[in-house]
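Accompanying notes for the structure given below.
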Amino acid sequence: MMKQNNIYTSPLVERNASAEMAELFGAQKKFSTWRRLWLELAKAQKSLGLDITQVQINQMAAHLDDIDFKKAAKYEEKFRHDVMAHIHAFGDVAPKAAPIIHLGATSCYVGDNADLIIMRDAMRIIAGKIACVIDKLSIFAKQYRAAPTLGFTHYQPAQLTTVGKRATLWAYDFAADLAEIERRIETMPFRGVKGTTGTQASFLELFNGNHKKVLALDQMVTKAFGFTHSCKVAGQTYSRKIDTLIINSLAGIAQSAHKMCNDIRLLANLKEIEEPFGKNQIGSSAMAYKRNPMRCERATSLARLVISLSTSPAMTASEQWLERTLDDSANRRVVLPEAFLATDGILEILMNVADGLVVYPKVIAAHVAAELPFMATENILMAAVKAGGNRQELHEKIRVHSHAAAAEVKQYGRANDLIARLKNDPAFAKVDFTKVLNAKNYIGRAPQQVDEFIRDIVIPIRRKYKNSLNKTAKLKV
């Protein structure tokens, strides 16, 4: 028998995903869900008149979770078929029900329906964590709603924004992701009870050609698992396009996370904002002074994984032949869980980061002060014109002084002396430089935009997900 440390285990489970997400994609959840699907099928068949006894139902219901995995593995080695293995393992503990377990069904009845149940529940976990990230970012945004900071376009200094307004950009992306996840949950169909190639022929035979009972069976089982509707049509499987839509929604979350974490990594280099850093955390094994943004780096790393995984369901959907081919199976067993586990891990990291962002106001103010003279030139020009100056002549003077100041900064590494140059120029003697150099005069409606974003976008999310907020994420490593 192989020792635990001698075999590969998933870093997604060990280092990133939460226990609740890992358990959701575990064997116990999967195969106990299969048993529940067999139970609900039998209950519905009994209520519609098939010769199934209450004793059989009760025996199945009594053994939904006590799965003998070793016995199931032996059956699978014998049959080379996982569904048949678990039918026999279930029948061993519910022997009176053994003759009617899986009656009329195909393997995809349990396989596909269980996948949909688990992915729906996983998306509900994801939705709550997105809401939590949005909430934490919005608390941060409100705190720094009016704190001026350099905006960047092309990663070059641009018009001022605020620290809080920038955080709303991150939160707004996640709000869009949340809406998409909600849409996927709300519109997600159950595969239902469709038979071997989706024609329901086996169930029509069981009910002696009674179409109404076949439709009722599908509806009863669908409702039992909390779905509003089943696939209107299906082959042996539900359309693999559904997987594509779901995993694409996770890739959207990954994109938002990657963007936010890249921004924080850039700001950390500028020493303006940093992710949390533990008291005993080591940034580098060689360079003891370093404070590497390892949380954000890990999030972007996982984000790339999720984005890349989103291509696989698309290829699988396009490769399905006619009513189905089995080359989807091995792929889906890897891609679907890993996409969810990685996304969950990303959100755990983001909850932790958003909870403890560190802001350095004096560094931010210094960067603003270094660039504000250039940004203030239009206001200085207007003030000088109001004081009686000639607009064209003043513009030329500002151009000459600006180029000279830029040369001081770029060629000689000196401080920006544009304001000193303008103050010494008699043409600008009547300008109130204290007023025109107030950074808050250059942030536009950023503070009000933060308030409006929280009012219109965040508060409805907080109301809807009130039980998911105020969570903290303690990272494993």
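The values are calculated or read from the model by the stated rules, or taken from the named source; none is laboratory data. Note that the coordinates shown come from a computational prediction; the quantities given were computed from them, not determined experimentally. Please note: Cβ atoms are built from the backbone with ideal geometry, for glycine as well, and neighbour counts cover all protein chains shown.
What the table shows:
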{"item": "Residue satisfying all of: in region 220-255; surrounded by fewer than 19 Cβ atoms within 10 Å (Cβ to Cβ) and basic (Lys, Arg); farthest from SER202 (Cα to Cα) among these", "result": "LYS241"}
{"item": "Among the candidates VAL83, VAL133, residue that is over 30 Å from ALA370 (Cβ atoms) and in the same structural domain as LEU341 (by TED's automatic domain parsing)", "result": "VAL133"}
{"item": "Test set (1) touching a residue at least 24 places away in the same chain (Cβ under 8 Å); (2) out of contact with any Ser or Thr (no Cβ under 6 Å at 6 or more places or on another chain); (3) over 13 Å from HIS102 (Cα atoms) - ASN58 fails condition number", "result": "(1)"}
{"item": "Long-range neighbours under 8 Å by Cβ, at least six apart or interchain, first residue at negative phi within region 236-264, second part of a helix (DSSP H, G or I) and among the aromatic types (Phe, Trp, Tyr)", "result": "LEU250/PHE340; ILE253/PHE174; SER256/TRP170; SER256/PHE174; LYS259/TRP170; MET260/TRP170; ASP263/TRP170"}
{"item": "Only one of ALA44, ALA94 that is more than 38 Å from the chain's Cα centre (by Cα) and hydrophobic (A, V, I, L, M, F, W, C)", "result": "ALA94"}
{"item": "Failed condition for GLY192, given (1) in contact with a strand residue (DSSP E or B) (Cβ under 8 Å, 6 or more places away or on another chain); (2) part of a helix (DSSP H, G or I); (3) in contact (Cβ under 8 Å) with a residue 60 or more places away in the chain", "result": "(2)"}
{"item": "Flag for LEU347 being buried (at least 20 other Cβ atoms within 10 Å of the Cβ), outside the structural domain of LYS129 (by TED's automatic domain parsing) and either touching a residue at least 40 places away in the same chain (Cβ under 8 Å) or under 26 Å from PHE433 (Cβ atoms) (or both)", "result": "no"}
{"item": "Residue list for region 152-200, restricted to those being over 30 Å from GLY226 (Cβ atoms) and surrounded by fewer than 18 Cβ atoms within 10 Å (Cβ to Cβ)", "result": "PHE152, THR153, HIS154, TYR155, GLN156, PRO157, ALA158, GLN159, LEU169, TYR172"}
{"item": "Filtered residues of region 153-189 (kept if free of Cβ contacts under 8 Å to residues at least 60 places away in the same chain and more than 23 Å from the chain's Cα centre (by Cα))", "result": "THR153, HIS154, GLN156, ALA158"}
{"item": "Failed item in (1) part of a helix (DSSP H, G or I); (2) in contact with a Leu (Cβ under 7 Å, 6 or more places away or on another chain); (3) closer than 30 Å to ILE457 by Cα, with ARG166 passing the rest", "result": "(2)"}
{"item": "Residue in region 39-49 that is of a type outside the set (A, V, I, L, M) and touching a Ser or Thr at 6+ places or on another chain (Cβ under 9 Å) present", "result": "yes"}
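A quick yes/no check of all residues on (1) surrounded by 19 or more Cβ atoms within 10 Å (Cβ to Cβ); (2) closer than 20 Å to LEU206 by Cβ; (3) of a type in the set (A, V, I, L, M, F, W, C); (4) in contact with a Leu (Cβ under 6 Å, 6 or more places away or on another chain):
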residue: GLU20; (1), (2), (3), (4): no, no, no, no
residue: ARG35; (1), (2), (3), (4): yes, no, no, yes
residue: LEU39; (1), (2), (3), (4): yes, yes, yes, no
residue: GLY49; (1), (2), (3), (4): no, yes, no, no
residue: GLN56; (1), (2), (3), (4): yes, yes, no, no
residue: LEU64; (1), (2), (3), (4): no, no, yes, no
residue: ALA73; (1), (2), (3), (4): no, no, yes, no
